[in-house]
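These notes concern the structure reproduced below.
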Amino acid sequence: DLIAELAAEVGTEIGAAIAIIEARARALAAEQPSEALDDVLEVAQGARSTMRSLTALSPHPADATDQRGTAGEVVRTLPKLVRRTLPTRVALEIRAEGNPWVGIGPNDLTRICANLVFNANDAIAGEGTIAVSMVQDEESVVIEVEDDGAGMPRDVVSRLFQPFFTTKPVGRGTGLGLATARILVERVAGTIEVQSDVGRGTRFTIRWPLVA
């Protein structure tokens, strides 16, 4: 908990500096476009995403305001955001019924879903399928992301949501994606669960209460 709180404070400080770098680079690029400034913007945007993950670890986030988003719209537009990063051997199936409101902003909801899709892709060694679905009942909205990849043993599943825990090689994962997802989901009275078996794939299930 102390490490996570420290990371959140560091993320806030560095995030503020990155925001200035990005803003100045955009202003310069508007005056005189250059490949070097494009590189600066690309790196700054990636760093800003990591810093947002760090600041989300704070128990008292500065931007914890009430937000709403439409779950169906986010799920249906997901292919436009992730398809070009997925290999052609991996099929992406989308099913979304209706367009219910949930108490989480569209940016955070998209970020959570995209992160789960990217993780699912990493679990598929050859050909495979990632299925994303959204359904609703009288009280809740459920989003599921399921893959038919390698699956995970119980000891790995038990640690998945710990900050900085990752099964990816050094340089490919920060261990913040699932930790951040859990915090964002639970912050608005939602739940996130995972079921996985070695050789049989993995399924993440997120449930939120409906918002009027």
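The values are calculated or read from the model by the stated rules, or taken from the named source; none is laboratory data. Note that the structure is predicted; figures quoted are calculated from it, not measured. We place every Cβ from the backbone using ideal geometry, glycine too, and count neighbours over all the protein chains shown. Keep in mind that these areas ignore ligands, DNA and RNA; they rest on the heavy atoms of the full protein, side chains included. Shrake-Rupley method; radii C 1.70, N 1.55, O 1.52, S 1.80 Å.
Please compute the contact order of the stretch 105-212 in relative form: average sequence separation of alpha-carbon pairs under 8 Å and at least six residues apart, divided by the residue count, as a percent.
Relative contact order, the stretch 105-212: 29 percent.
Under the rule that an exposed site lies in a DSSP loop and has at most 13 other Cβ atoms within 10 Å, name the longest stretch of the chain with no GluC sites (Glu not before Pro) of that kind, not counting the sites themselves.
Longest run free of exposed loop sites: 1-96.
Enter the accessible area per residue of the chain (Å², integer; probe 1.4 Å; all protein chains in place). Intermediate values should be presented prior to the final figure.
On the way: 12350 Å² over 212 residues.
Heavy-atom SASA per residue in the chain reads 58 Å².
If you place +1 on the Cβ of every Lys and Arg and -1 on the Cβ of every Asp and Glu, how big does the dipole about the Cα centre of the chain come out, in debye to the nearest 20?
300
Is the stretch 143-212 rounded, prolate or oblate when judged by the Cα gyration tensor, a ≥ b ≥ c being the square roots of its eigenvalues, rounded requiring a/c under 1.5 and prolate requiring a/b larger than b/c?
In terms of gyration-tensor shape, oblate.
Hey, if you put +1 on the Cβ of every Lys and Arg and -1 on every Asp and Glu Cβ in the chain, which of PHE118, GLY175, VAL74 ends up farthest toward the positive end of that dipole?
About the Cα centre, the residue reaching furthest to the positive side is PHE118.
With contacts defined as alpha carbon pairs under 8 Å and 6 or more residues apart, what's the relative contact order of the chain in percent?
Contact order relative to length: 19 percent.
On full extension of the chain, what length is gained from THR167 through GLU139, given 0.36 nm per residue of separation minus the C-alpha to C-alpha distance?
6.6 nm is the gain from fully extending THR167 to GLU139.
In degrees from 0 to 90, rounded to the nearest 10, what is the angle of the helix 2-31 Cα long axis to the longest principal axis of the chain?
It works out to around 60 degrees.
Obtain the nm distance between the two label points defined at ALA29 and SER49 by a simple spin-label model: each point lies 7 Å from its Cα along the Cα-to-C-beta direction.
Taking the two extended label points, one gets 1.4 nm.
On the protein heavy atoms, probe 1.4 angstrom, tell me the percent of accessible surface of the chain carried by carbon and sulfur.
Taking all protein chains in place, the chain shows 52 percent carbon and sulfur surface.
What is the helix-to-structure angle for 71-82, meaning the angle in degrees between its Cα long axis and the longest Cα principal axis of the chain, kept from 0 to 90 and rounded to the nearest 10?
Approximately 70 degrees, to the nearest 10.
How far apart, in nanometres, would the label points at ALA91 and ALA17 be if each is projected 7 angstrom from Cα along the Cα-to-Cβ direction?
According to this spin-label approximation, the distance is 4.8 nm.
Looking at the chain as a GNM with Cα springs under 10 Å, which of PRO33, PRO87, PRO79 has the largest mean-square fluctuation?
PRO33
Roughly what angle does helix 106-122 make with the longest principal axis of the chain, taking Cα atoms, 0 to 90 degrees, to the nearest 10?
70
What shape does the chain have by the C-alpha gyration tensor, where a ≥ b ≥ c are the square roots of the eigenvalues, rounded means a/c under 1.5, and otherwise prolate means a/b greater than b/c and oblate the rest? Walk me through the numbers on the way to the answer.
Values: a/c = 1.42, a/b = 1.33, b/c = 1.07.
Since a/c stays below 1.5, the shape of the chain is classed as rounded.
Which one, ALA150, ALA25, ALA131, has the greatest fluctuation when you compute a Gaussian network model over the chain with C-alpha springs under 10 angstrom?
Sorting by GNM fluctuation, first place goes to ALA25.
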